[in-house]
1. From the list L101, L144, pick out the single residue that is touching a residue at least 12 places away in the same chain (Cβ under 8 Å) and either buried (at least 22 other Cβ atoms within 10 Å of the Cβ) or within 21 Å of R41 (Cα to Cα) (or both).
2. Suppose we keep only residues that are among the basic types (K, R) and outside any loop (DSSP other than H, G, I, E, B) within the range 108-136. Which one would you say is surrounded by the most Cβ atoms within 10 Å (Cβ to Cβ)?
3. Hey, which of the strands (runs of 3 or more DSSP E) in the range 64-107, taking only ones fully inside, have at least 3 residues that are over 15 Å from the mean Cα position of the chain (by Cα)?
4. So which residues in the range 137-157 are part of a loop (DSSP other than H, G, I, E, B) and in contact with a Lys or Arg (Cβ under 8 Å, 6 or more places away or on another chain)?
5. What's the total number of residues in the range 162-187 that are outside any strand (DSSP E or B) and buried (at least 22 other Cβ atoms within 10 Å of the Cβ)?
6. For the range 88-98, check the following and say yes or no: at least one residue is crowded, with 20+ Cβ neighbours inside 10 Å, among the aliphatic types (A, V, I, L, M) and modelled with pLDDT of 95 or more.
7. Within the range 49-79, restricting attention to residues that are surrounded by 15 or more Cβ atoms within 10 Å (Cβ to Cβ) and modelled with pLDDT under 95, which residue is farthest from D145 (Cα to Cα)?
Amino acid sequence: MTVRILRAADRAPAPWKNGGGTVREVATGPEGAGADAFDWRVSLADVTADGPFSAFPGVDRVLTVVEGAGMDLVVGGEHHIVDEPLWPHGFPGDLPTEGFLLGGPVVNLNVMYRRARTRAETAVVCGTVRLLPPEGGAVLAVSLDDGAELESGGVRLDRYDAVLAAGVSPGVLRTMGQAVLITFSGV
């Protein structure tokens, strides 16, 4: 049973293999798992150039544009125009994928989960929401604006700060704008 506050200021950017941007890991399950061992992973990606996405066999992905004009994702040869901000877009991570910027750099919130072990539900919320992790799962809320607050304890979340809870509810999150809410459960 844990509740953790994950501060954006504590995340160091790491370059992509292809040089097309940087990534800041928000959280992984299990904590500290590498690229081949995670059940789920959430990150923020700064995309500055067109290019291929890394392949992740057995992994489903959900991309949500949180800054910028969006992308044309070519997934398995099929075009997906992702130009509506804050609209989660799911696709299989094992298909060849390329991203083409529609109007300059973007910041994407990426959710990845191994489909044989985990399910993830991603939603953009605003206002007041009770954070309820499912039994044996976890819930992660990432604030997209300054001024979100956990009602219990008065913990303030600024832009891209997050709260992760497993086994216990951290209570109610009140946003001043939007937050991305991801619920992870077993299959």
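1. Of the residues listed, the single one that is touching a residue at least 12 places away in the same chain (Cβ under 8 Å) and either buried (at least 22 other Cβ atoms within 10 Å of the Cβ) or within 21 Å of R41 (Cα to Cα) (or both) is L144.
2. Selected residue: R114.
3. Correct list: 71-75, 78-82, 97-101.
4. The answer is L144, D145, D146, G147, E151.
5. Number of matching residues: 1.
6. No, the range 88-98 contains no residue that is crowded, with 20+ Cβ neighbours inside 10 Å, among the aliphatic types (A, V, I, L, M) and modelled with pLDDT of 95 or more.
7. F56
To keep it simple, each residue is scored yes or no on (1) touching a Leu at 6+ places or on another chain (Cβ under 8 Å); (2) at positive phi.
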{"residue": "E25", "(1), (2)": "no, no"}
{"residue": "E31", "(1), (2)": "no, no"}
{"residue": "G58", "(1), (2)": "no, yes"}
{"residue": "R61", "(1), (2)": "no, no"}
{"residue": "A69", "(1), (2)": "yes, no"}
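The values are calculated or read from the model by the stated rules, or taken from the named source; none is laboratory data. Remember, predicted model here, so these are calculated numbers, not experimental data. All Cβ positions, glycine included, derive from the backbone under ideal geometry; neighbour counts span all protein chains shown.
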